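Here the structure comes first, spelled out in structure tokens, and everything after it is commentary.
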Protein chains: 2
Amino acid sequence: MPPIPELEAIRKAQILDAALRTIAEHGCANVTMDDICRTAGLSKGGLNHYYKSKNDLFMAAFQEFFKQIFQRGEDTMNLYDDPMEKLLSFSWLYNESDPDLHIGYPILFDFMAIAVHEHDYRKIFEDWIENWLALLKKALLLGQKQDRFQGVDPDAAVMTISAIYQGIATRWYLAPDTHSTAWALDSLERSVRGLLASYGETSQVKGGGYHK
Amino acid sequence: MPPIPELEAIRKAQILDAALRTIAEHGCANVTMDDICRTAGLSKGGLNHYYKSKNDLFMAAFQEFFKQIFQRGEDTMNLYDDPMEKLLSFSWLYNESDPDLHIGYPILFDFMAIAVHEHDYRKIFEDWIENWLALLKKALLLGQKQDRFQGVDPDAAVMTISAIYQGIATRWYLAPDTHSTAWALDSLERSVRGLLASYGETSQVKGGGYHK
DNA sequence: ATTCAAAAACCGACCAGGCGGTTTAATTAC
DNA sequence: GTAATTAAACCGCCTGGTCGGTTTTTGAAT
């Protein structure tokens, strides 16, 4: 008989949270089940009751992670009305005083390294990206409904914008001494505005030389 | 007696190459010394003669990797005379039929995941980035000497350009089904041109709303 | 209300396998 | 013959997963 129906959900959330924090601290390669047990305040057997294997736990933890991060992005974007502000609303990714990010970035890097080799993990990553793109696309199409971003190819543009976010994030997090937050924010805005403007100037940018 | 004096250099190169290929195939977390030995055509004892520990070998392998990649970037860039062409000359990073890249990307992802936690690794990454930035900066300054890229802040701009390369690369490699090579090349060119143009339009892009 | 049985939740000692590193034996070159 | 280099057997540690046992909770029976 289940003592309380929601106990399982509580325990699982507790374990996933512990797993994510432990992975972020030690890195996937070095983390042991014992570490996670200790962080979660459970024994090996107790943990095993909810997740059969290490891989099961990791998969669940990563999915939970991506869900949370995306939710935060969506919520933050919805705070803005202006399409361009929506597109630039993910600047919270470059907030060095946000403790969640110091868990999130290590996990993301670890995850991508695994995704290179493991198909299941790669699929999760791809789906996550698809969600981001859909979110950005909504903002971009809203702008086009207001006669802005003329000539912009929505699908290609949101892929690029999202990639720019990621590129800046990579440098901002891994080489913070040289890549300041101010640089990240300025770069993001310049790049995104520049990209969108590039569609307006010419329908085909390829092949032509650059003449100021 | 060493049959040939330069045997050590040959063996080390052979081992490093084997290590890089093995890491790329299996991922850092799963690779064993035995794997590398087998790939290198050496025994455990033989390998141990040249590299005392796994960590020694990995450090050396990663340094070798970054050296090679950078060398290739520098060589390729030097094939071009036009500053803008130089800035865009790293498009070989998005050549899916280049077998070296299918070794390079896995290694880079693995390396970054480790660099998050290990200071020594992070330092190698930062130095590598510094080298790229210096390379790009040379091209950009050459352009400014030709009265192009006016108003562009060289240091900030090359950081952004380099970050854009990385962001596009991340998506292009990890989600190739949706992020085609054509998209990568087009995105790169649009983003870089757009970024550089953004400096010319206004000296301060921040704070203002976007009005088409 | 109290007792009791059954099921769920939880614990932690234990085990087998795999790993990095070491040591010992064999082989080669001169 | 000897020194140097390679090969392979070996060792000890660590880890993930198992498994019997223990506690806790529930619901029914008295």
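The values are calculated or read from the model by the stated rules, or taken from the named source; none is laboratory data. Just so it is clear, the structure is predicted and the values come from calculations on it, not from any experiment. Glycine also receives a Cβ, built like all others from the backbone with ideal geometry; neighbour counts cover every protein chain displayed. Surface accessibility is based on the protein's heavy atoms, side chains included, excluding ligands, DNA and RNA. Shrake-Rupley method; radii C 1.70, N 1.55, O 1.52, S 1.80 Å.
Residues of region B:9-35 being more than 8 Å from DNA strand C (Cβ to nearest atom) and touching a Lys or Arg at 6+ places or on another chain (Cβ under 9 Å), which ones? So that I can check it myself, show each step before the final result.
We begin by selecting, within region B:9-35, every residue more than 8 Å from DNA strand C (Cβ to nearest atom); these are B:9-29.
Scanning region B:9-35 gives B:18, B:22.
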Quiz item: Given (1) within 21 Å of the chain's Cα centre (by Cα); (2) hydrophobic (A, V, I, L, M, F, W, C); (3) closer than 30 Å to residue A:134 by Cα, where does residue A:9 come up short, assuming only one miss?
Solution: (1)
Quiz item: In region B:141-184, which residues are facing chain A (nearest Cβ under 7 Å), more than 24 Å from residue A:130 (Cα to Cα) and touching a residue at least 60 places away in the same chain (Cβ under 8 Å)?
Solution: B:148
Quiz prompt | Positions within region A:42-91 being aromatic (Phe, Trp, Tyr) and more than 16 Å from DNA strand C (Cβ to nearest atom), in sequence order | solution = A:58, A:62, A:65, A:66, A:70, A:80, A:90
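Go through B:86, B:145 for me and flag whichever is over 23 Å from residue A:162 (Cβ atoms) and surrounded by fewer than 17 Cβ atoms within 10 Å (Cβ to Cβ).
Details: B:86 fails: surrounded by fewer than 17 Cβ atoms within 10 Å (Cβ to Cβ).
Of B:86, B:145, the one residue that is over 23 Å from residue A:162 (Cβ atoms) and surrounded by fewer than 17 Cβ atoms within 10 Å (Cβ to Cβ) is B:145.
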Self-check item: Residues that are open to solvent by 70 Å² or more (accessible area, probe 1.4 Å) and more than 23 Å from residue A:113 (Cα to Cα), drawn from region A:1-33
Solution: A:1, A:2, A:3, A:4, A:5, A:6, A:8, A:10, A:11
Quiz item: Looking at (1) buried (at least 18 other Cβ atoms within 10 Å of the Cβ); (2) under 17 Å from residue A:165 (Cα atoms); (3) touching a residue at least 24 places away in the same chain (Cβ under 8 Å), which is the only condition residue A:65 fails?
Solution: (2)
Quiz prompt | Only listed residue being surrounded by fewer than 20 Cβ atoms within 10 Å (Cβ to Cβ) and either within 11 Å of DNA strand D (Cβ to nearest atom) or on the phi > 0 side of the Ramachandran plot (or both), chosen from B:46, B:73 | solution = B:46
Exercise. Examine region B:102-110 for a residue that is among the β-branched types (Val, Ile, Thr) and surrounded by fewer than 17 Cβ atoms within 10 Å (Cβ to Cβ), and state whether such a residue exists.
Key: no
Exercise. Might you let me know whether region A:118-126 holds any residue that is more than 7 Å from chain B (Cβ to nearest Cβ), within 17 Å of residue B:195 (Cβ to Cβ) and not polar (S, T, N, Q)?
Key: no
